[in-house]
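*Asks:* Mind having a look at this structure? Questions to follow.
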Amino acid sequence: MKIVIKVGTSSITGASGTGINIQLISEIVDLVWLLKQKGHQVLIVSSGAVGLGSQRLGWTEKPSTITLKQAAASVGQILLANLYEEHFQKYGQTIGQVLLTRHGMQDKERYLNARLTLRELLKFDVIPIINENDVVADEEIKFSDNDYLSAVVSELVTAEHLFILTDMEGLFTEDPRENPNAQLIQLVEEIDFEIESKAGNRGSKWGTGGMASKVQAAKMATSFGTTVHILASRKTPFIIDVLEGKAHGTTFLPRSNPVDARKAWITGGATTKGKVIIDNGALNALIKGKSLLPIGIKKVMGKFERGTALEICFGEDNNKTHIVAIGLTKYDSEDLRLIKGYSSEEIIKVLGYSYGNSAIHRDDLVVLTS
């Protein structure tokens, strides 16, 4: 069984970014070794390079510019890799550092090369330590956070389980930092609007994700057929209990009909550069496996060319929309704004030409809800 374990910046460096949680690194290494003895293959997606580099450079605040983040990452990546190397040495275990960028994943050939490399490392009994290459990534080509990256890695290796370790116990009915009576949600069968709204959008001082990004990562990974668990990092040793069916943290069940390889690339590799907000009729059509037609589009956001990946969102309030699908548009942003709300038969009347009846064809579309 393939297992991906993602550990966040706030878990490694602490919410304040001061110090290094050596105990957590040690626990993860001990756990991974135990999982290997049980016959599992494990990959680690580890944040912390920017935080560790900032500490080594004596900075007390999180870097605010891209160049400062890249400089901190350059220093921190070595520190992070050395930490894992040092602790795995006691077991004689070989590790390999894998640095990925969203830009690299946009190219189908590079996406497949990343898949082959990770699988070869596992074949030769090497544990990959994976992180985003923040030294070269800028805001245009970033994965945005390692929660998303861990979902992509899960698809690349067809992992059965993804564990996202964080400073929270799991997903709660409300933010437990604001409401002490909030209840832990132990099992999520479907990630719907209600579940997404419970995640909020608040993160730690040093981490980039927060619970919202973890739920989005779970939404993506479960669509690939991976079971996702959000678990407090202090409960890392309980991962084995979770694999044996015991309840800790929050578990998200995988979809019964995972997306195919090409659509997995659309979701995990293509960078979204725009957004469309759709109506209820379009949402129901997508869930039934149909294409997105112009008549179902309420609003077009961003500037993009034909073939660009778009976030397809639903919500009555534009400020509270949820991503329900990702797809490759057949029309650029200017054309799409002109034909939104029109029937397919009227496209050629509005534009003077047509690239087809759909705005996004079902073959180029991945639905993330059901």
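The values are calculated or read from the model by the stated rules, or taken from the named source; none is laboratory data. Because the structure is predicted, anything quoted here is derived from the model rather than measured. Here Cβ is always computed from backbone atoms with ideal geometry, including for glycine, and neighbour counts include all displayed protein chains.
*Asks:* Please find, within region 208-237, the residue that is modelled with the lowest pLDDT out of those that are more than 25 Å from VAL259 (Cα to Cα) and touching a Gly at 6+ places or on another chain (Cβ under 8 Å).
*Replies:* Selected residue: GLY210.
*Asks:* Given the criterion crowded, with 22+ Cβ neighbours inside 10 Å and over 15 Å from ASP125 (Cβ atoms), identify the matching residue among LEU52, LEU57, LEU68. Give the steps one after another, and end with the answer.
*Replies:* Working: LEU57 fails: crowded, with 22+ Cβ neighbours inside 10 Å; LEU68 fails: crowded, with 22+ Cβ neighbours inside 10 Å.
Sole residue among the options that is crowded, with 22+ Cβ neighbours inside 10 Å and over 15 Å from ASP125 (Cβ atoms): LEU52.
*Asks:* For ASP125, which of the numbered conditions (1) at pLDDT 95 or above; (2) assigned to a helix (DSSP H, G or I); (3) surrounded by fewer than 17 Cβ atoms within 10 Å (Cβ to Cβ) fails to hold?
*Replies:* Just one mismatch for ASP125, condition (2).
*Asks:* Quick one: would you say GLU305 is assigned to a helix (DSSP H, G or I) and surrounded by fewer than 19 Cβ atoms within 10 Å (Cβ to Cβ)?
*Replies:* Numbers: assigned to a helix (DSSP H, G or I): no; surrounded by fewer than 19 Cβ atoms within 10 Å (Cβ to Cβ): yes.
No; evaluated as a whole, the condition is false for this residue.
*Asks:* State yes or no: is VAL42 in a helix (DSSP H, G or I), modelled with pLDDT of 95 or more and crowded, with 18+ Cβ neighbours inside 10 Å?
*Replies:* No; evaluated as a whole, the condition is false for this residue.
*Asks:* Right, here's the next one. Determine whether region 83-95 contains at least one residue that is part of a strand (DSSP E or B) and either within 17 Å of LEU149 (Cβ to Cβ) or modelled with pLDDT of 95 or more (or both). Give the derivation first.
*Replies:* Taking region 83-95 first, the residues part of a strand (DSSP E or B) are 95.
Those still in the list that are either within 17 Å of LEU149 (Cβ to Cβ) or modelled with pLDDT of 95 or more (or both) too: 95.
Yes.
*Asks:* Now for a different question. Assess whether LEU149 counts as being under 28 Å from LYS246 (Cβ atoms), part of a helix (DSSP H, G or I), modelled with pLDDT of 80 or more and touching a strand residue (DSSP E or B) at 6+ places or on another chain (Cβ under 6 Å).
*Replies:* Values: under 28 Å from LYS246 (Cβ atoms): yes; part of a helix (DSSP H, G or I): yes; modelled with pLDDT of 80 or more: yes; touching a strand residue (DSSP E or B) at 6+ places or on another chain (Cβ under 6 Å): yes.
Taking the combined requirement at face value, the residue satisfies it.
*Asks:* Can you name the number of the only condition in (1) in a helix (DSSP H, G or I); (2) more than 19 Å from the chain's Cα centre (by Cα) that TRP265 fails?
*Replies:* (2)
*Asks:* Another question about this same structure. Could you list all residues from region 176-192 that are within 21 Å of the chain's Cα centre (by Cα), part of a loop (DSSP other than H, G, I, E, B) and either free of Cβ contacts under 8 Å to residues at least 60 places away in the same chain or under 18 Å from THR369 (Cβ atoms) (or both)? Outline the logic, then answer.
*Replies:* The first filter runs over region 176-192 and keeps only residues within 21 Å of the chain's Cα centre (by Cα), leaving 185-192.
Okay, now just the ones that are also part of a loop (DSSP other than H, G, I, E, B), so 185-186, 189-192.
Matches in region 176-192: ILE185, GLU189, GLU190, ILE191, ASP192.
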